[in-house]
Structures are given as structure tokens and as C-alpha cells.
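Enquirer: Sharing a structure below in C-alpha cells format, with a few things to ask.
We did not get these values from a lab; they are worked out from the coordinates using the rules stated. Values in this document were obtained by computation on a predicted structure and should not be read as measured data. Glycine also receives a Cβ, built like all others from the backbone with ideal geometry; neighbour counts cover every protein chain displayed.
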Amino acid sequence: MSDSGMTSPPPASTPPPGSTPPSAASPPSAAAPPAGSAPDPAAVLRSRSYVVLLLFGAIVGVIVATVAYFFLKLIAEAQQYVFVTLPKDVGFHGAPVWWPLPLLGLSGLLVGLMIRYLPGIGGHRPAEGFRFSGPAAASELPGIIIASFATLSLGVVLGPEAPLIAIGGGLGALALHLLRRNALPQAVTLIAAAGSFAAISTLLGSPIVAAFLLMEAAGLGGALLGVVLVPGLLAAGVGALMFVGLDGWTGFGTFSLAIPSIPHFGSPTVAEFLWAIGIGLAAAVLGTGIRRSALLLQPIVERRMVALTPVAGLAVAGLAIVFAETTGRSSSEVLFSGQSALPSLIQNAAGWTAGALVLLVVCKGLAYSVSLSSFRGGPVFPSMFIGAAGGMALSHLPGLPLIAGAAMGIGAMTAVMLDLPLTAVLLVALFMSADALALTPLVIVAVTVAYVTSARLKPPAAPQPKVPEPARRAVASPPGPRSA
């Protein structure tokens with residue numbers, strides 16, 4: 001869910017100071033290595049302070065996984081109540097067609113107030129993609145939690161992954177600050193990263209996919225990659241065990257992205273590889289249009305956040321109503337992130353016409369763009385849903401099986417909206433686990449084409465102003481102290 005409100009591991013080019021890695025046990029006066037030197041990863045892994053860091057990361061994983069479990073459960077219960085139970089409680093047989101209008105308007109008002117009056121602008125701006133700028137401060141967590149809950153529980157077309165990353169990272173940093181007020185910044189960042197790992201892995205159901213998502217988004221690499229990732233993987237693994245225990249204790253169930261049963265897919269054909277190229281190109285155009293529209297709307301809404309965010313909510317509700325009235329289907333197909341609706345969309349594909357699927361892509365795509373511009377949440381699941389619906393629509397044409405179309409659509413749209421091609425492939429493999437091995441070559445082609453094409457469709461970056469040579473020298477070599 002700082003401007004981004006999200007957490008990332010430190011870049012490999014910024015090694016921890018001292019001969020041991022930063023941890024809660026590291027004294028603030030630890031000696032720094034000579035300029036330009038980097039710690040030996042093997043020595044870091046053997047150090048006592050690194051073991052302390054791992055143990056604290058495991059404790060953070062327990063705390064964050066518990067919070068994430070009940071946060072997701074609370075969102076699911078709120079959605080069920082306001083869209084299913086409440087209409088019957090007030091005398092309707094079911095939710096009337098206009099029902100999303102007041103709910104989405106209320107969501108916009110609450111989110112606008114949180115962004116306007118609480119620290120941290122409610123978390124990161126989802127239209128800008130995954131941006132990591134350190135853990136959220138403790139003062140920012142209330143705004144992130146309330147804004148994301150108002151977004152997710154009332155039908156906005158965004159997912160929970162970004163708020164969970166922000167909440168997990170913020171809780172990890174807060175826990176370390178409570179234990180040791182003068183902890184090194186590098187230690188805070190690593191523990192916050194462990195909290196983010198634990199939170200996002202609970203949602204995705206896989207510590208490995210969560211690790212690749214955070215690693216790829218942060219641009220993490222180099223010799224210290226394993227040193228940074230291990231605390232996060234441990235926290236994610238402990239968090240997964242906590243989920244199993246909480247499931248047995250509460251009976252609420254666990255969270256999994258994998259579809260339990262999908263049609264069998266055989267070996268890829270030449271025609272399907274050609275379709276992979278076409279789907280990649282189409283996803284690049286569609287995804288770029290969604291993102292550019294959101295970025296154009298974002299500054300307009302932010303000028304009058306409290307007044308215009310409810311208007312954005314009403315626009316999302318209106319698109320859902322148009323779809324429902326045109327197709328006779330539920331407005332919930334357009335509303336929400338699509339995380340829980342995606343498996344049933346694919347499993348019940350026989351009941352969808354190509355025209356209904358195209359209209360679903362149009363309405364949910366527009367609602368997604370408006371949601372990205374104004375609300376607070378994550379971009380992953382709506383992109384997966386839109387990509388699947390688009391691939392299913394194309395599967396009505398010759399040469400493209402349903403499952404292949406859906407898988408390639410998911411991968412291509414996710415790559416465009418996240419700018420994370422490796423994560424996009426892994427998400428499809430997780431979601432389509434039964435056919436993952438056979439589908440992966442097609443998905444890789446679609447993701448590669450979509451990623452490269454979308455990069456070419458982006459406007460060129462604004463040129464940086466040139467610093468005059470004398471000024472550059474003055475900055476690089478500041479004058480020393482004057483002599484007496």
C-alpha cells in the first residue's frame with residue numbers, strides 16, 4: 001500500500017557499513033569500511049549479527065503474517081456485507097443496479113480525506129507503478145490502512161498487494177525501532193524488507209514469487225543478493241506457517257491464486273506462437289493506454305482531492321452499471337480487483353460470448369484507469385483479470401485455445417502494467433500451475449513482446465539539465481576548511 005509507502009531491500013551498491021551486516025545488535029558507532037570497498041558476502045553470512053538479524057526477521061514474519069491474514073479477511077467480510085448482506089437487510093431482494101453508486105462515492109470521500117489530512121498520502125500512487133523509497137513511517141500507517149481498506153472493501157478496481165507491502169514494511173521498521181531506537185538505517189531497511197516479504201507472500205501464496213516481485217521491482221542484484229534476500233525468505237516462510245496455523249485456529253481458510261482445475265493444455269503449436277506475438281502487441285497498446293490515461297487524470301484529481309475522488313468513484317460505479325445493464329451480468333465483474341473472480345471467469349468461460357468479454361475488457365479497463373489515478377491499492381490483479389478476459393475473447397478466433405489465450409493475456413498485461421517481466425511469467429505459472437510447464441514458452445514470448453513494445457510506446461524521458469563544468473567541479477570537490 002514516504003510517497004510510495006512501500007519497502008524494498010537496499011540496492012547492492014550500498015553495502016552495510018562495518019565488518020558485519022546491520023542488525024538490531026549493531027552499535028551505531030560501528031566502523032565503516034574504506035570508501036569504495038564492499039563487504040564479503042561469505043563473511044557477512046558467518047557473522048553473529050547476521051544470525052540476530054535472521055531471528056528478528058522470523059519474529060517480524062510472525063507478526064506481519066498475522067496482521068496480513070486478518071486484514072485480508074476483514075476486507076473480504078466487508079465486501080460480502082456491503083454488497084450482499086446489507087441490501088437484504090434494508091429490504092431489497094438483492095443489490096439494486098444503482099447500489100454501487102453510493103458505495104463508490106463514499107469510498108472516494110474516505111480516500112480523499114485520508115490523502116488530504118493524514119501523513120503519507122495514503123500510500124503510494126498506483127498509477128506510477130511499484131516505486132520503492134524505503135519503509136513507511138509509523139505515522140503514515142493509519143492513513144495507508146484506512147485508505148486501502150476504503151478502496152478495497154467498497155469495490156474500487158485495485159488489489160491489496162501494494163498496501164500489504166507498505167503495511168508489512170512499516171510494521172517491520174516499527175518493531176525494530178521499538179526494540180532499538182538508534183538502530184542503523186540499513187538494519188531498519190532489511191527488517192522492513194522482511195516484513196514486506198512476509199506480507200506479500202501471504203497474499204500470493206508463494207514466498208518465491210514474492211521474492212522475485214520485490215527483487216525485480218527494486219532492481220536488486222549483485223554479490224549481496226543472497227544476503228539481503230535470506231531474511232525476507234525466512235520471514236515469508238515463517239509467515240506461511242503462521243497462515244496454516246491461523247487457518248486451523250479460525251477456520252477462515254487460506255489464500256491461494258492457483259486455479260484448482262483447468263482444461264489440459266498440450267504442446268504449443270506454431271499458430272499459438274504467432275498468437276503470442278499478437279497478444280503481446282495488443283497488451284502493450286491496451287496497457288499503455290490505461291496507464292497514460294491514469295497519469296493524465298492523476299494531477300487533475302489531486303488538485304481537489306476531497307471533491308474529485310468521490311467523482312472518480314462514481315465514474316467507476318457508472319462503468320459497472322453500464323456493463324451490468326448491457327450484458328445482464330453482475331456489476332461485480334467490473335468492480336473489485338478481480339482476484340477472487342478470475343478463477344471462476346476462466347472455469348465458466350463457456351458461458352461468455354466474445355462480445356461480453358470485449359465489453360468487460362473495455363469497462364474494467366476504463367474503471368481500472370480511473371482507480372489508478374485516484375485511489376490507493378495495487379495494480380497486479382486488475383491487470384491479470386483484464387489480460388485473461390482479453391485472451392479469452394481472442395480464443396473465439398481460430399488457432400488459439402482458451403487456456404493459452406488466458407495465460408498469455410495475463411502475462412502480457414501484467415508485464416505492461418508492472419514493468420516486471422520475470423514476475424509476470426512467474427505469476428502465470430503460479431496461477432496456471434496445472435499447465436504451467438506447457439504454457440510457459442508461449443507466456444514468455446507474449447511477455448517479452450509486450451514488455452519491449454510498451455517500452456517503445458512510452459514517451460521519452462525529459463532531458464536532465466546540464467550542469468556547467470565549473471559547477472560540477474565545485475560540487476565534486478568542495479573547498480576544505482579555511483586556515484587561521
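Enquirer: Just how far, in whole angstrom, is region 49-76 from region 395-447 if you go by their alpha carbon centroids?
Expert: 31 Å
Enquirer: On to the next question. Per 0.36 nm of contour for each residue apart, how much would the distance between residue 295 and residue 89 grow if the chain were fully extended, relative to their Cα-Cα spacing?
Expert: 70.2 nm
Enquirer: If we sort 293-301, 112-120, 265-273 on the protection proxy, mean other Cβ atoms within 10 Å, highest first, what's the order?
Expert: 112-120, 293-301, 265-273
Enquirer: Can I ask one more? What nm distance separates the two modelled labels at residue 267 and residue 455, each placed 7 Å from Cα along Cα→Cβ?
Expert: Computed distance between label sites residue 267 and residue 455 equals 3.2 nm.
Enquirer: Within 10 Å of each residue's Cβ, count the other Cβ atoms and sort 451, 81 from fewest upward.
Expert: Going from sparsest to densest Cβ surroundings: 81, 451.
Enquirer: Starting from the Cα of residue 285, step 7 Å along the direction of its Cβ; do the same at residue 80; then give the gap between the two resulting points in nm.
Expert: With each label point 7 Å from Cα toward Cβ, the separation is 4.3 nm.
Enquirer: For residue 52, what charge total do you get from the other residues with a beta carbon under 15 Å from its beta carbon, if Lys and Arg give +1 and Asp and Glu give -1?
Expert: +3
Enquirer: Rank-order 343-352, 63-72 by packing density, defined as the average count of other C-beta atoms within 10 Å over each peptide's residues, highest first.
Expert: The packing order, highest mean first, is 63-72, 343-352.
Enquirer: Once fully extended, how much extra length lies between residue 350 and residue 109, figured as 0.36 nm per residue of separation less the alpha-carbon to alpha-carbon distance?
Expert: Residue separation times 0.36 nm, minus the Cα-Cα distance, leaves 82.9 nm.
Enquirer: I would also like to ask the following. What is the sum of charges around residue 458, taking Lys and Arg as +1, Asp and Glu as -1, for the other residues whose C-beta is under 15 Å from the C-beta of residue 458?
Expert: Computed value for this residue: +1.
Enquirer: Taking H placed 1.01 Å from N in the peptide plane, check which residues at least 5 places from residue 159 or on another chain put their amide H under 5 Å from its amide H.
Expert: It is 378, 380, 381, by chain and number.
Enquirer: Sort out for me the Cα centre separation of region 145-189 from region 301-337, rounded to whole Å.
Expert: Value for the Cα centre distance between the two parts: 27 Å.
Enquirer: Short version: ³J(HN,Hα) in whole Hz for each residue of region 399-410, in order, from phi by Karplus 6.51 cos²θ - 1.76 cosθ + 1.60 (θ = phi - 60°), x for Gly and Pro, what are they?
Expert: Running phi through 6.51 cos²θ - 1.76 cosθ + 1.60 with θ = phi - 60° gives x, 10, x, 4, 5, 5, x, 5, 5, 5, x, 4 Hz.
Enquirer: Okay, moving on. Neighbouring Cβ atoms within 10 Å as the yardstick, rank 286, 397 fewest first.
Expert: 397, 286
Enquirer: Another question, then. So how do 208, 410 line up by other beta-carbon neighbours within 10 Å, fewest first?
Expert: 208, 410
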